[in-house]
Amino acid sequence: MPNKLSLSAYLLWAMSVLAAAASDDVRIAVYWGQDAREGSLRDACSTGLYAYVNIGFLSTFGDGRAPILDLADHCDPPSGGCAYLATDIASCQSAGIKVLLSIGGGTLGGYNLSSPSDAQGVAAYIWDNFLGGTSTGTGTGTGTGTGAPRPLGDAVLDGVDFDIEAPSRYYDDLARNLASLYRGDARGRTYMLTAAPQCPFPDASLAVALGTGLFDHVWVQFYNNPPCQYAHGDAGALRSAWQQWTTSLPSATVFLGLPASPEPDAADGGFVDADTLASQVLPAVEGAPNYDGIMLWSRSYDKDTGFSVKLQGILQNRNSDKKRRIYIIVGAAVAGVLLLFLLICACFLCHKKYRGTPPPEGSEAPPAPKIEPPQ
(Lines give C-alpha, C1' and ligand atoms only; values in the text may rest on other atoms or scores of the structure.)
Protein backbone atom coordinates (compact mmCIF):
# COMPACT_ATOMS: atom_id res chain seq x y z
CA MET A 1 0.00 0.00 0.00
CA PRO A 2 1.15 3.60 -0.46
CA ASN A 3 2.86 5.16 2.53
CA LYS A 4 0.06 6.47 4.76
CA LEU A 5 2.56 8.30 6.95
CA SER A 6 3.80 10.34 3.98
CA LEU A 7 0.25 11.34 3.09
CA SER A 8 -0.49 12.29 6.71
CA ALA A 9 2.68 14.36 6.92
CA TYR A 10 1.74 16.19 3.74
CA LEU A 11 -1.73 16.99 5.02
CA LEU A 12 -0.27 18.25 8.30
CA TRP A 13 2.07 20.50 6.33
CA ALA A 14 -0.85 21.87 4.34
CA MET A 15 -2.79 22.62 7.52
CA SER A 16 0.23 24.39 9.05
CA VAL A 17 0.55 26.59 5.95
CA LEU A 18 -3.12 27.53 6.17
CA ALA A 19 -2.81 28.25 9.90
CA ALA A 20 0.18 30.52 9.29
CA ALA A 21 -1.75 32.37 6.61
CA ALA A 22 -4.58 32.97 9.07
CA SER A 23 -2.38 34.76 11.66
CA ASP A 24 -0.84 37.69 9.81
CA ASP A 25 -1.97 40.69 11.91
CA VAL A 26 0.88 42.97 12.95
CA ARG A 27 1.78 43.05 16.66
CA ILE A 28 1.77 46.59 18.06
CA ALA A 29 3.48 48.03 21.14
CA VAL A 30 2.33 51.46 22.31
CA TYR A 31 3.25 54.05 24.94
CA TRP A 32 0.56 55.25 27.32
CA GLY A 33 0.59 57.79 30.14
CA GLN A 34 1.67 61.18 28.86
CA ASP A 35 -1.64 62.72 27.77
CA ALA A 36 -4.95 62.57 29.60
CA ARG A 37 -6.78 62.89 26.26
CA GLU A 38 -5.68 59.38 25.36
CA GLY A 39 -8.27 57.88 27.70
CA SER A 40 -7.86 55.19 30.29
CA LEU A 41 -5.44 52.31 30.21
CA ARG A 42 -8.37 49.90 30.29
CA ASP A 43 -9.88 51.56 27.22
CA ALA A 44 -6.57 51.33 25.35
CA CYS A 45 -6.36 47.61 26.03
CA SER A 46 -10.03 46.97 25.24
CA THR A 47 -9.49 48.10 21.64
CA GLY A 48 -7.67 44.83 20.97
CA LEU A 49 -5.09 46.74 18.93
CA TYR A 50 -2.05 46.33 21.16
CA ALA A 51 0.08 43.42 22.30
CA TYR A 52 2.25 45.54 24.64
CA VAL A 53 1.55 48.75 26.55
CA ASN A 54 4.44 50.71 28.05
CA ILE A 55 3.37 52.91 30.97
CA GLY A 56 5.56 55.99 30.84
CA PHE A 57 7.48 57.23 32.54
CA LEU A 58 9.53 56.67 35.66
CA SER A 59 11.20 59.94 34.70
CA THR A 60 13.30 60.61 37.80
CA PHE A 61 15.69 58.10 39.36
CA GLY A 62 19.31 57.41 40.18
CA ASP A 63 22.22 59.38 41.64
CA GLY A 64 20.46 59.89 44.98
CA ARG A 65 17.19 61.19 43.53
CA ALA A 66 13.85 60.05 44.90
CA PRO A 67 12.18 58.13 42.05
CA ILE A 68 9.18 59.88 40.48
CA LEU A 69 6.55 58.27 38.28
CA ASP A 70 5.18 60.89 35.88
CA LEU A 71 1.80 60.07 34.34
CA ALA A 72 0.99 63.63 33.27
CA ASP A 73 -2.65 64.46 34.06
CA HIS A 74 -3.85 60.90 34.56
CA CYS A 75 -3.14 60.78 38.29
CA ASP A 76 -0.76 61.84 41.05
CA PRO A 77 1.45 58.94 42.21
CA PRO A 78 2.90 60.61 45.36
CA SER A 79 -0.58 61.02 46.84
CA GLY A 80 -1.56 57.45 46.02
CA GLY A 81 -3.86 58.67 43.28
CA CYS A 82 -2.62 56.13 40.73
CA ALA A 83 -3.42 53.02 42.76
CA TYR A 84 -6.72 52.70 40.88
CA LEU A 85 -4.70 51.73 37.79
CA ALA A 86 -4.16 48.29 39.33
CA THR A 87 -7.60 47.20 38.12
CA ASP A 88 -6.92 48.56 34.62
CA ILE A 89 -3.60 46.74 34.52
CA ALA A 90 -5.23 43.49 35.64
CA SER A 91 -7.85 43.92 32.91
CA CYS A 92 -5.15 44.34 30.27
CA GLN A 93 -3.19 41.35 31.52
CA SER A 94 -6.28 39.14 31.60
CA ALA A 95 -6.68 39.93 27.89
CA GLY A 96 -3.14 38.69 27.22
CA ILE A 97 -1.63 42.16 26.89
CA LYS A 98 1.78 42.72 28.48
CA VAL A 99 2.02 45.92 30.55
CA LEU A 100 5.47 47.31 31.30
CA LEU A 101 6.99 50.20 33.23
CA SER A 102 8.98 52.48 30.94
CA ILE A 103 11.88 54.29 32.58
CA GLY A 104 13.55 57.44 31.29
CA GLY A 105 11.74 59.27 28.52
CA GLY A 106 12.44 62.56 26.83
CA THR A 107 12.63 64.74 29.97
CA LEU A 108 16.39 64.91 30.22
CA GLY A 109 18.29 65.78 33.37
CA GLY A 110 16.01 63.85 35.68
CA TYR A 111 17.71 60.48 35.51
CA ASN A 112 21.12 58.86 35.35
CA LEU A 113 23.07 56.16 37.15
CA SER A 114 26.22 57.08 39.03
CA SER A 115 27.71 53.66 39.78
CA PRO A 116 27.06 49.90 39.71
CA SER A 117 25.74 50.11 43.27
CA ASP A 118 23.38 52.91 42.20
CA ALA A 119 22.11 50.65 39.41
CA GLN A 120 21.57 47.90 41.97
CA GLY A 121 19.55 50.24 44.19
CA VAL A 122 17.35 51.44 41.31
CA ALA A 123 16.75 47.83 40.26
CA ALA A 124 15.68 46.99 43.82
CA TYR A 125 13.31 49.97 43.90
CA ILE A 126 11.68 49.01 40.61
CA TRP A 127 11.40 45.37 41.65
CA ASP A 128 9.84 46.19 45.02
CA ASN A 129 7.44 48.87 43.78
CA PHE A 130 6.29 47.68 40.35
CA LEU A 131 7.19 44.02 39.91
CA GLY A 132 7.39 40.93 42.12
CA GLY A 133 8.94 42.39 45.25
CA THR A 134 7.47 44.09 48.30
CA SER A 135 7.76 47.83 48.86
CA THR A 136 10.12 48.26 51.79
CA GLY A 137 11.81 51.52 51.01
CA THR A 138 11.45 55.25 51.29
CA GLY A 139 11.57 55.72 47.54
CA THR A 140 15.32 56.22 47.23
CA GLY A 141 15.99 52.76 45.88
CA THR A 142 18.05 51.81 48.92
CA GLY A 143 15.65 49.12 50.14
CA THR A 144 15.55 50.58 53.63
CA GLY A 145 12.78 52.31 55.56
CA THR A 146 9.36 51.61 56.98
CA GLY A 147 7.65 50.84 53.71
CA ALA A 148 5.80 52.93 51.15
CA PRO A 149 2.66 52.22 49.09
CA ARG A 150 3.30 50.86 45.62
CA PRO A 151 2.61 53.68 43.11
CA LEU A 152 0.30 51.48 41.01
CA GLY A 153 -1.37 49.70 43.89
CA ASP A 154 -1.05 45.93 43.98
CA ALA A 155 -0.43 45.63 40.23
CA VAL A 156 2.49 43.42 39.22
CA LEU A 157 3.76 44.59 35.86
CA ASP A 158 5.23 42.33 33.20
CA GLY A 159 8.63 43.96 32.95
CA VAL A 160 10.68 47.09 32.43
CA ASP A 161 11.24 49.13 29.28
CA PHE A 162 14.44 51.18 28.91
CA ASP A 163 13.62 54.42 27.06
CA ILE A 164 16.93 56.05 27.87
CA GLU A 165 17.59 59.15 25.79
CA ALA A 166 20.57 60.64 27.63
CA PRO A 167 24.02 59.04 27.36
CA SER A 168 24.96 57.50 30.68
CA ARG A 169 26.82 54.50 32.05
CA TYR A 170 25.69 51.52 34.12
CA TYR A 171 22.47 50.64 32.31
CA ASP A 172 24.03 47.27 31.59
CA ASP A 173 24.36 46.86 35.37
CA LEU A 174 20.72 47.85 35.79
CA ALA A 175 19.69 45.22 33.23
CA ARG A 176 21.77 42.52 34.92
CA ASN A 177 20.38 43.36 38.35
CA LEU A 178 16.79 43.30 37.10
CA ALA A 179 17.39 40.00 35.30
CA SER A 180 18.80 38.53 38.51
CA LEU A 181 15.73 39.66 40.47
CA TYR A 182 13.49 38.22 37.76
CA ARG A 183 15.11 34.80 38.11
CA GLY A 184 14.57 34.86 41.86
CA ASP A 185 10.82 35.45 41.74
CA ALA A 186 9.29 33.21 44.40
CA ARG A 187 6.12 32.64 42.38
CA GLY A 188 7.95 31.58 39.24
CA ARG A 189 6.49 34.45 37.25
CA THR A 190 8.33 35.56 34.12
CA TYR A 191 9.22 39.18 33.37
CA MET A 192 10.59 41.00 30.34
CA LEU A 193 13.26 43.53 29.56
CA THR A 194 12.62 45.78 26.57
CA ALA A 195 14.36 48.85 25.16
CA ALA A 196 13.64 51.75 22.82
CA PRO A 197 16.96 52.88 21.32
CA GLN A 198 17.23 55.62 18.70
CA CYS A 199 17.73 54.35 15.14
CA PRO A 200 21.31 55.65 14.59
CA PHE A 201 23.45 52.57 15.13
CA PRO A 202 24.85 51.94 17.69
CA ASP A 203 22.66 53.79 20.16
CA ALA A 204 24.60 56.30 22.24
CA SER A 205 22.73 55.50 25.46
CA LEU A 206 21.90 51.79 25.29
CA ALA A 207 24.57 50.08 23.18
CA VAL A 208 26.37 48.54 26.17
CA ALA A 209 23.14 47.46 27.85
CA LEU A 210 21.85 45.85 24.65
CA GLY A 211 25.17 44.05 24.35
CA THR A 212 24.28 41.99 27.44
CA GLY A 213 21.80 39.98 25.35
CA LEU A 214 19.25 40.21 28.18
CA PHE A 215 16.55 42.12 26.30
CA ASP A 216 13.52 40.27 24.97
CA HIS A 217 12.13 42.95 22.66
CA VAL A 218 13.74 46.06 21.18
CA TRP A 219 11.51 48.73 19.62
CA VAL A 220 13.86 50.95 17.64
CA GLN A 221 12.74 54.58 17.29
CA PHE A 222 12.77 55.40 13.58
CA TYR A 223 11.71 58.98 14.23
CA ASN A 224 13.33 62.19 15.50
CA ASN A 225 16.42 60.99 13.62
CA PRO A 226 16.70 62.21 9.99
CA PRO A 227 19.76 60.04 9.14
CA CYS A 228 17.77 56.80 9.52
CA GLN A 229 14.07 57.60 9.32
CA TYR A 230 11.59 57.47 6.45
CA ALA A 231 11.41 60.79 4.62
CA HIS A 232 9.73 62.11 1.48
CA GLY A 233 8.90 58.71 0.05
CA ASP A 234 12.41 57.35 0.58
CA ALA A 235 12.81 54.32 2.84
CA GLY A 236 16.44 53.63 1.92
CA ALA A 237 17.98 55.02 5.11
CA LEU A 238 15.39 53.21 7.21
CA ARG A 239 16.06 49.87 5.49
CA SER A 240 19.81 50.23 5.94
CA ALA A 241 19.51 51.02 9.66
CA TRP A 242 16.93 48.26 10.11
CA GLN A 243 19.36 45.69 8.73
CA GLN A 244 22.04 46.85 11.15
CA TRP A 245 19.69 46.59 14.12
CA THR A 246 18.20 43.21 13.29
CA THR A 247 21.54 41.57 12.59
CA SER A 248 23.05 42.98 15.80
CA LEU A 249 20.28 41.59 18.05
CA PRO A 250 20.03 37.85 17.33
CA SER A 251 18.61 37.04 20.77
CA ALA A 252 15.87 39.72 20.73
CA THR A 253 12.87 40.42 18.57
CA VAL A 254 12.86 43.84 16.92
CA PHE A 255 9.95 46.23 16.39
CA LEU A 256 9.80 49.14 13.95
CA GLY A 257 9.15 52.25 16.06
CA LEU A 258 7.09 55.00 14.40
CA PRO A 259 5.03 58.06 15.35
CA ALA A 260 1.28 57.54 15.01
CA SER A 261 0.74 61.08 13.72
CA PRO A 262 2.37 63.45 11.22
CA GLU A 263 1.86 66.38 13.62
CA PRO A 264 5.11 68.16 14.57
CA ASP A 265 4.39 67.74 18.27
CA ALA A 266 4.25 63.95 17.82
CA ALA A 267 7.76 63.63 16.43
CA ASP A 268 10.38 65.47 14.42
CA GLY A 269 9.80 63.47 11.25
CA GLY A 270 9.61 59.77 10.54
CA PHE A 271 5.85 59.45 10.04
CA VAL A 272 4.77 56.84 7.48
CA ASP A 273 1.11 56.76 6.47
CA ALA A 274 -0.65 53.42 6.91
CA ASP A 275 -0.95 52.67 3.17
CA THR A 276 2.74 53.31 2.53
CA LEU A 277 3.75 51.38 5.62
CA ALA A 278 1.75 48.33 4.51
CA SER A 279 2.73 48.44 0.84
CA GLN A 280 6.35 49.61 0.89
CA VAL A 281 7.97 49.61 4.32
CA LEU A 282 6.70 46.47 6.04
CA PRO A 283 7.52 44.21 3.07
CA ALA A 284 11.09 45.51 3.31
CA VAL A 285 11.49 44.83 7.04
CA GLU A 286 9.32 41.84 7.90
CA GLY A 287 11.68 39.46 6.14
CA ALA A 288 14.14 39.75 9.04
CA PRO A 289 13.92 36.56 11.13
CA ASN A 290 13.61 38.56 14.36
CA TYR A 291 11.05 41.08 13.11
CA ASP A 292 8.08 41.06 15.49
CA GLY A 293 5.87 44.09 14.77
CA ILE A 294 5.73 47.86 15.18
CA MET A 295 5.87 50.27 18.11
CA LEU A 296 3.81 53.46 18.10
CA TRP A 297 4.33 56.75 19.86
CA SER A 298 1.82 57.13 21.37
CA ARG A 299 -1.66 55.96 22.38
CA SER A 300 -2.82 59.59 22.38
CA TYR A 301 -1.74 60.21 18.78
CA ASP A 302 -2.95 56.79 17.69
CA LYS A 303 -6.37 57.53 19.14
CA ASP A 304 -6.47 60.91 17.37
CA THR A 305 -5.48 59.59 13.94
CA GLY A 306 -6.83 56.04 14.04
CA PHE A 307 -3.48 54.94 12.64
CA SER A 308 -3.40 51.40 14.00
CA VAL A 309 -7.06 50.82 13.07
CA LYS A 310 -6.30 51.86 9.47
CA LEU A 311 -3.14 49.75 9.37
CA GLN A 312 -4.82 46.61 10.67
CA GLY A 313 -7.65 47.08 8.17
CA ILE A 314 -5.22 47.42 5.26
CA LEU A 315 -3.23 44.40 6.40
CA GLN A 316 -6.35 42.30 6.83
CA ASN A 317 -7.40 43.09 3.25
CA ARG A 318 -3.90 42.35 1.98
CA ASN A 319 -3.76 39.14 3.93
CA SER A 320 -7.22 38.11 2.73
CA ASP A 321 -5.91 38.20 -0.84
CA LYS A 322 -2.78 36.37 0.25
CA LYS A 323 -4.80 33.73 2.08
CA ARG A 324 -7.07 33.27 -0.95
CA ARG A 325 -4.05 32.56 -3.15
CA ILE A 326 -2.57 30.21 -0.57
CA TYR A 327 -5.86 28.36 -0.20
CA ILE A 328 -6.03 27.85 -3.98
CA ILE A 329 -2.41 26.67 -4.24
CA VAL A 330 -2.54 24.39 -1.20
CA GLY A 331 -5.99 23.08 -2.18
CA ALA A 332 -4.77 22.21 -5.67
CA ALA A 333 -1.68 20.52 -4.24
CA VAL A 334 -3.73 18.49 -1.76
CA ALA A 335 -6.17 17.47 -4.51
CA GLY A 336 -3.25 16.39 -6.69
CA VAL A 337 -1.74 14.29 -3.92
CA LEU A 338 -5.10 12.67 -3.14
CA LEU A 339 -5.64 11.87 -6.84
CA LEU A 340 -2.18 10.33 -7.04
CA PHE A 341 -2.94 8.32 -3.91
CA LEU A 342 -6.19 7.00 -5.43
CA LEU A 343 -4.45 6.07 -8.70
CA ILE A 344 -1.77 4.15 -6.82
CA CYS A 345 -4.45 2.35 -4.80
CA ALA A 346 -6.34 1.45 -8.00
CA CYS A 347 -3.19 0.12 -9.65
CA PHE A 348 -2.36 -1.93 -6.58
CA LEU A 349 -5.84 -3.51 -6.46
CA CYS A 350 -5.82 -4.29 -10.18
CA HIS A 351 -2.44 -5.94 -9.90
CA LYS A 352 -3.63 -8.02 -6.96
CA LYS A 353 -6.85 -9.09 -8.77
CA TYR A 354 -5.39 -10.14 -12.11
CA ARG A 355 -1.94 -11.38 -11.16
CA GLY A 356 -2.84 -13.07 -7.91
CA THR A 357 -0.93 -13.06 -4.74
CA PRO A 358 2.76 -13.70 -5.36
CA PRO A 359 4.22 -16.83 -3.69
CA PRO A 360 5.91 -16.39 -0.37
CA GLU A 361 9.52 -15.40 -0.57
CA GLY A 362 11.83 -18.43 -0.89
CA SER A 363 9.14 -20.82 -2.13
CA GLU A 364 9.26 -22.52 -5.57
CA ALA A 365 6.41 -23.41 -7.88
CA PRO A 366 5.90 -27.21 -8.36
CA PRO A 367 7.39 -28.61 -11.60
CA ALA A 368 5.01 -29.12 -14.52
CA PRO A 369 4.11 -32.81 -15.14
CA LYS A 370 6.20 -34.51 -17.81
CA ILE A 371 4.12 -35.88 -20.70
CA GLU A 372 5.61 -38.85 -22.55
CA PRO A 373 4.95 -39.09 -26.29
CA PRO A 374 2.87 -42.10 -27.39
CA GLN A 375 4.82 -45.25 -28.42
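The values are calculated or read from the model by the stated rules, or taken from the named source; none is laboratory data. None of these values were measured; they are calculated from a predicted model. Counting neighbours? That spans all protein chains shown, and the Cβs are built from the backbone with ideal geometry, glycine included.
For the reader, a short list of remarks on this structure follows.
- Of all residues making up segment 63-76, the number that are crowded, with 22+ Cβ neighbours inside 10 Å and not in a loop (DSSP other than H, G, I, E, B): 1
- Contact annotation: residue pairs with Cβ atoms under 9 Å, 6 or more positions apart or on different chains, pairing a residue in segment 183-205 that is within 23 Å of residue 124 (Cα to Cα) and surrounded by 15 or more Cβ atoms within 10 Å (Cβ to Cβ) with a partner that is among the aliphatic types (A, V, I, L, M) and modelled with pLDDT under 95, are 205/166.
- Residue pairs whose Cβ atoms lie under 8 Å apart, separated by 6 or more positions or on different chains, with the first residue in segment 32-51 and touching a residue at least 12 places away in the same chain (Cβ under 8 Å) and the second of a type in the set (Ser, Thr, Tyr) and in a loop (DSSP other than H, G, I, E, B), are 32/298; 34/298; 35/298; 38/298; 44/50.
- Residue within segment 198-215 that is under 30 Å from residue 87 (Cα atoms) and either touching a His at 6+ places or on another chain (Cβ under 9 Å) or not small (Gly, Ala, Ser) (or both) present: yes
- Residue, surrounded by the fewest Cβ atoms within 10 Å (Cβ to Cβ), within segment 267-290, restricted to residues that are among the small types (Gly, Ala, Ser) and closer than 19 Å to residue 200 by Cα: 284
- Complete set of residues in segment 54-105 that are farther than 30 Å from residue 224 by Cα and in contact with an Asp or Glu (Cβ under 6 Å, 6 or more places away or on another chain): 86
- Candidate set: segment 222-251, residues that are under 23 Å from residue 178 (Cα atoms) and in contact (Cβ under 8 Å) with a residue 40 or more places away in the chain; chosen: the one surrounded by the fewest Cβ atoms within 10 Å (Cβ to Cβ): 250
- If only residues of segment 245-264 that are within 13 Å of the chain's Cα centre (by Cα) and outside any loop (DSSP other than H, G, I, E, B) are counted, the one that is nearest to residue 198 (Cα to Cα) is 257.
- Just one residue in the set 222, 271 is modelled with pLDDT of 95 or more and in contact with a Gly (Cβ under 6 Å, 6 or more places away or on another chain); that residue is 222.
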